[in-house]
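Take a look at the structure below.
Read the figures in this text as sums done on the coordinates, not as results from a lab. A quick note: this is a predicted structure, and the numbers were derived from the prediction, not measured. Here the Cβ is made from the backbone with ideal geometry for all residues, glycine too, and neighbour counts use every protein chain on show.
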Amino acid sequence: MKLIRELQALLGRDSVLHQPADLMMYEYDGSVEQARPDAVVFPRTREDVVAIVRLANRESLPIVPRGAGTGLSGGALARRGGICIGFSRMNRILEVDAVNQRAVVQPGVVNLDLSRAAEPHGLYFAPDPSSQKACTIGGNVAENAGGPHTLAYGVTTNHVLGLELVLPDGEVVRVGSRTVDTPGYDLTGLLVGSEGTLAIVTEITVRLLRLPEAVKTLLAIYDRVDDATQSVVEITGRAITPAACEMLDGWTLRAVEAYAHAGYPLDSAAVLLIELEGLREAVEAQAVDIREVCTQCGAREVRVARDARERELLWKGRKNAFGAVGRLSPSYYVQDGVIPRTKLPQTLRHIDEVCARYGLQVGNIFHAGDGNLHPLIAFDIRDRAQFERVVQAANEIMAFCIAAGGTITGEHGVGMEKNELMPLLFSEADLAMMRRVHDVFNPRGLLNPEKVFPTTKSCGEIRVLPVAGSGAAPAAPRPR
Amino acid sequence: MTTAATSAMARLQGIAGASHVIADPAALAAYEVDGVRPRAAVRPGSADEAAEVVGMAAAEKLAVIACGARTHLGIGGIPSRYEIALDLSRLNRVIAYDPGDLTLGVEAGVTLATLNDTLQQHGQFLPLFVPFMMRATIGGTLAAGVDSPLRQHYGTARDFLLGVESIDGAGTRVKSGSRVVKCVAGFDLHKLHLGALGTLGVITAANFRTFPAFPESRGLLASFRSAEEALDMRRRIAESPLTPLTLEVLSPEMGELFGRDFPESLGERCGPAARWFPAGHWTLAAALGGHAAVMERQERELTRIAELSGATGVARLGPEERPAVWARLREALPLVQAYFPGAAIYRISVLPGEFLRLIGALAQIGERAGRPTAMALRGVGVLYFSLLARETGANSVESQARASAAVFQAAAAVGGNAVVSWCPTELKQKINVWGAPRGDFDLMQRLKNVFDPGGILAPGRFVGGL
């Protein structure tokens, strides 16, 4: 209690949560993995953060930074307890520099809010995770978040130029700058995507892009999943570069349609949601190319969204798909593997076959243009035997992705969900080097402990943890 | 030769084979870095052999500088020690190329020219349109951290590098990243190697995403009486929906240099270009690609914008004329070096809104030094400033050194970051080419110790003497 009193004295009583009922909100992120912090604090300034970090150090308590808690790999959970630093009150956009297309923000700024603030200047922040209405830029930086439009514009790291950091010992350091290059090692590039294990970010300088002159959204509709995936192979192979190319299979789009009423065709086996952006002439020319490819590959119809409203509905359906699936199934487990795009058709077939073999319902809704899969396996967390089968199926799918030359996570992060998988991708030497780099920043391991790195010696033991459907299962027991 | 040196030489021969170890002093001259000559050069045939060399060097405390075509070794400080040149030119395989996935894995010694030939067969390319492109290797290009006129549209290697395999200072092979276009597993250690001059590891292989080459391209040059007008055009383009692939602004002196004969040493034939650069004028150069309708509109609108900004002339480059101009844009720095061996070339990152103030300050520095200057600006916010000098003697060095402090100050005054990209060794003895270390230097030093605990990888070459 002494520590709580000290935190209260430091930040004010309304900035410290420590009652079990209050802490329950913070024992989840996007997963049903539970880990309860001992306290949650809400700093308003960098100095607050420094003071919190110093206190935690004195008490040798873990520190876990947290944005909106929308992460999908347990990155913001206090796995070893300790102090969770919530950034909801450090949510100011400090500057939008329209002339130089830069913005400086605090970590708690909501992703979409930045684009809204930049819009009057004809600018926007490109990374657009599906959770962009809620997720914070600090969280985006930690996870190196992606989104549908990263196909054309790159992920978070491509848009971050500089960071202000509070190191785990309380020291404040600035890395990068507002200019495109900064002399020395690219510490900004190292920090983005380090999942809150190296430093706490207290200020972010980002690049803003000019809003495209024209946007066109196409919906290619298929009677066979194979034709949809083959279309993606062809689009990529012919070097047509849409701004986004998303796939929804029949099961998923029916779940989405029941919720969003966006006009997704209920009787189809799959659709591709393709967005084209740029100069009017470029968009028109690409639309012709895309239509041709999709038709050749067997699309029964290629629709064009007639107006902004239709487009927004389609995207609303796509971006809220996980929530929509939550209406159908008590729980679901979502993966984030990436494969070479040439291997999409066989990989989707494999996912189908594996899930059929285990008697599981799977839906696929993913960033097809990037080869970034999100198979969603539906299950009921109360059915332990079924959950065991989910784990085994997930194992097989991940092994297939890796064997295909891919990776275990394209945008959701490793966190505490996939850390035991890391040896499947990286050698002991690779991981030892990453560990040494970790220790340069976080030698005591107090900052976000037991994330990213495997905690056991056993190589490749997959410990998957289900992601709750929205409004789904009540606080479920931790699956083992 | 000492016994230790003899045994080191024998070890090198044992690793790579006697025919791939060079000990002849005359032959070693080609491996000099800022006048420092190594005791041996070794050309390993595989990454494992290269790792063995580094491991041996670590054990013997011998300093190693990795190299490829040795085109960018002029970047960086004078090495504090340099015993072994690790020549990776035999590591020249394309490891994996999946045209359908637009991804590529290559060994470090592959030259950009060879690589682009391979990619071209599939209508693709890698937007590393960097200086010395006809000779430079992938590994050297990444380690040198050089950028290119295509940066406007494609960014730098940082934006399309997917993963790297490297050798740390203990001789251990490590990797990070992946071979697919999206991966957030593990730390992005590969980004640390970019521009690090091999001080954190020897890059042995790299994975990239490739890009579709535009079947057609066009180009446009606009001439202006003042920097102000040329920069006004840059601003108007930035505020428009137009998407040029290249957007560069050249000072009259750079234009004059572009008008000269293209040096044969750069390994390509290049026609004349003088007529495109009228004397005393600033030039804005824009390259375009894409569908014909897209390029036509961009040409039309760029022409209109140029007129609004006060251009004295706008030239649309024909298909035969473009290569001569584009090659000069790409090779602007080597051009300066070829004609002005005593020049100091600064790379200054600056917010585009500060270009004009910076140009004013730099012009004054040139006047005070009594020397001509030449500037080439990348629209995204990089200004290459050359303080020109033909001679490299003591007088020249003294005045260059005085001017150097002023250049760093001028950059800092507008919130920019300056480094000396290239200058004569004599000048490096007087100045710090990286400028003063920043607040994050302590972290960099600790990282260096992690990657290279023995301090044998290119010591003294990087920021703060790392």
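Reported value for the stretch B:112-225: 133 Å³ per residue, from the convex hull of its C-alpha atoms. Distance distribution note for the stretch A:44-108: the fraction of Cα pairs above 18 angstrom is 49%.
Based on Cα atoms of chain A, Rg over Rh with Rh as the Kirkwood radius reads 0.96. Report the Stokes-Einstein translational diffusion coefficient (µm² s⁻¹, integer) for the stretch A:216-278, Rh taken as the Kirkwood radius over Cα pairs, at 20 °C with viscosity 1.002 mPa s. Result for D is 178 µm²/s. At full extension, B:A5 and B:Q121 could sit 37.0 nm farther apart than now, given 0.36 nm per residue minus the alpha carbon distance. Across the alpha-carbon atoms of the stretch B:135-193, the computed radius of gyration and Dmax are 12.6, 38 angstrom. Note on the stretch B:205-353: the alpha carbon radius of gyration divided by the globular reference 2.2 N^0.38 Å gives 1.08. Along the charge dipole of the protein assembly as shown, Cβ charges K/R +1 and D/E -1, which of B:T118, A:L425, B:L221 sits furthest on the positive end? Of the candidates, A:L425 comes out farthest on the positive side. Against the empirical curve 2.2 N^0.38 Å, the C-alpha radius of gyration of the stretch A:252-338 lands at a ratio of 1.24. Exceedance of the 26 Å cut-off in Cα-Cα distance is limited, within the set A:K418/B:K448; A:K451/B:K448; A:K133/A:K343; A:K2/A:K133; A:K451/B:K61, to A:K418/B:K448; A:K133/A:K343; A:K2/A:K133; A:K451/B:K61. About its Cα centre, chain B has a charge dipole of approximately 420 debye under the convention of +1 per Lys or Arg Cβ and -1 per Asp or Glu Cβ, with nothing else charged.
Between B:A292 and A:T45, the C-beta separation translates, for a Förster distance of 51 Å, into a calculated FRET efficiency of about 0.40.
Here the average projected area of the convex hull drawn through the C-alpha atoms of the stretch B:367-454 stands at 7.6 nm².
In terms of the Cα gyration tensor, with a ≥ b ≥ c the square roots of its eigenvalues, is the stretch B:280-416 rounded because a/c is under 1.5, prolate because a/b exceeds b/c, or oblate? It comes out prolate by the Cα gyration axes. Classify the stretch A:72-152 as rounded, prolate or oblate, taking a ≥ b ≥ c as the square roots of the eigenvalues of its Cα gyration tensor: rounded when a/c is under 1.5, otherwise prolate if a/b is larger than b/c and oblate if not. In terms of gyration-tensor shape, oblate.
With N the number of residues in chain B, Rg(Cα) / (2.2 N^0.38 Å) evaluates to 0.98.
For A:K216, a cut-off of 18 angstrom between C-alpha atoms picks up these lysines, skipping any fewer than 8 places away in its own chain: A:K316, A:K319. Across the options A:A78, A:L198, A:P120, the greatest Cα extent toward the positive end of the charge dipole of chain A (unit charges at beta carbon of Lys, Arg, Asp, Glu) belongs to A:A78. Inter-label distance, A:D383 to A:S88: 3.5 nm, where each label sits 7 Å from its Cα along the C-beta direction. One quarter of the surface of the convex hull around the alpha-carbon atoms of the stretch B:20-124 equals 7.7 nm², the direction-averaged projected area. Extents of the protein assembly as shown, largest first, come to 82, 66, 59 Å (Cα atoms, principal axes, whole angstrom). In this rough spin-label picture, where each label sits 7 Å from Cα along the Cβ direction, the B:A27-A:E301 distance is 7.3 nm. The orientation-averaged shadow of the Cα convex hull for the stretch A:169-260, equal to a quarter of the hull surface, comes to 11.1 nm². For the stretch B:33-79, the Kirkwood hydrodynamic radius comes to 12.0 Å, computed from all pairs of different C-alpha atoms.
Please say if the stretch B:272-326 is rounded, prolate or oblate, where rounded means a/c under 1.5 for a ≥ b ≥ c the square roots of the C-alpha gyration tensor eigenvalues, and otherwise the choice is prolate for a/b larger than b/c and oblate otherwise? It is oblate, given that a/c is not under 1.5 and a/b is not larger than b/c.
The calculated 222 nm mean residue ellipticity attributable to helices in chain B amounts to -10000 deg cm²/dmol, summing -39500 (n - 2.57) over DSSP H runs of n ≥ 4 and dividing by all residues. What the Kirkwood sum gives for the stretch A:93-201 is a hydrodynamic radius of 14.2 Å, with every pair of different alpha carbons counted. Using only the C-alpha atoms, the convex hull of the stretch A:360-419 corresponds to 94 Å³ per residue.
Ordering A:L314, A:S329, A:P375 by the projection of their Cα atoms onto the charge dipole of the stretch A:300-384, which places +1 on the Cβ of Lys and Arg and -1 on the Cβ of Asp and Glu, puts A:L314 at the extreme positive end. Rounded to the nearest 500, the 222 nm mean residue ellipticity of chain A from helices alone is -10000 deg cm²/dmol, with -39,500 (n - 2.57) taken per DSSP H run of at least 4 residues.
Dimensions of the stretch A:1-119 based on its C-alpha atoms, expressed as ranges along the principal axes with the largest first, amount to 50, 33, 22 Å. Overall dimensions of the stretch A:129-188, expressed as equivalent-ellipsoid semi-axes from the Cα gyration tensor (√(5λ), whole Å, largest first), are 23, 16, 8. With all pairs of separate Cα atoms included, the stretch B:89-129 yields a Kirkwood hydrodynamic radius of 10.4 Å.
The calculated FRET efficiency for B:R93 paired with A:A432, based on their beta-carbon distance and R0 = 30 Å, is about 0.65. What are the residues whose amide H is under 5 Å from the amide H of A:E203, where those residues sit 5 or more places off or on another chain and H is modelled from the backbone? Here the answer is A:E164, since their amide H atoms fall under 5 Å of that of A:E203.
Computed about its Cα centre, the charge dipole of the stretch A:300-438 is approximately 460 debye, with only Lys, Arg, Asp and Glu carrying charge at their Cβ. A simple rule links phi to the HN-Hα coupling: the Karplus curve 6.51 cos²θ - 1.76 cosθ + 1.60 with θ = phi - 60°, which for the stretch A:62-68 gives x, 10, 10, x, 8, x, 9 Hz, with x for Gly and Pro.
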